[in-house]
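Worksheet for the structure shown next.
The values are calculated or read from the model by the stated rules, or taken from the named source; none is laboratory data. Please read these numbers as outputs of a predicted model, since none were measured by experiment. Note that each Cβ is placed from the backbone with ideal geometry, even for glycine, and that neighbours are counted across all protein chains shown.
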Amino acid sequence: MDSEAISMALAQGKKNAEYLLIHVVETAGALLFDNETSDHETTHDRIKLKEYKAELSSLDYKVEIVLGFGNPKNCIPQLANDFEADLLVMGAHGHKGLKDFIFGTTLDAVRHAVKMPVLIVTK
């Protein structure tokens with residue numbers, strides 16, 4: 001889903017835009033220790049973000065990355081609003097049906113908490 005969301009964002013902003021790639025780590029370590037955690041998932045996610053940045057920067061895109069920690073429903077809006085984004089592009093890859101009802105959706109919570117339009121990319 002990452003590549004689809006990134007491709008859609010690049011199609012919207014072209015090379016004139018500034019991009020912030022956000023990923024939120026939700027592991028127990030991230031919830032307890034925030035950015036002080038160094039578990040496998042956090043390390044992997046940090047590497048992936050750096051790879052995305054390097055690839056896009058080599059193509060002359062202006063890219064920043066941030067690895068958030070905790071609940072994405074809270075973290076994504078905070079980071080997007082702080083960045084003063086004009087558009088938030090999110091990939092949809094969560095629960096379906098009853099699980100959405102029980103757990104709620106990150107997309108729904110985020111779209112109500114941001115100050116910009118949200119483009120949802122699905123597969």
- prompt: Can you spot a residue in region 106-114 that is surrounded by 12 or more Cβ atoms within 10 Å (Cβ to Cβ), in a helix (DSSP H, G or I), over 12 Å from the mean Cα position of the chain (by Cα) and at pLDDT below 85?
  reply: no
query: Quick one: in region 29-44, which of the residues that are surrounded by 13 or more Cβ atoms within 10 Å (Cβ to Cβ) and farther than 10 Å from PHE69 by Cβ is modelled with the lowest pLDDT?
result: ASP39
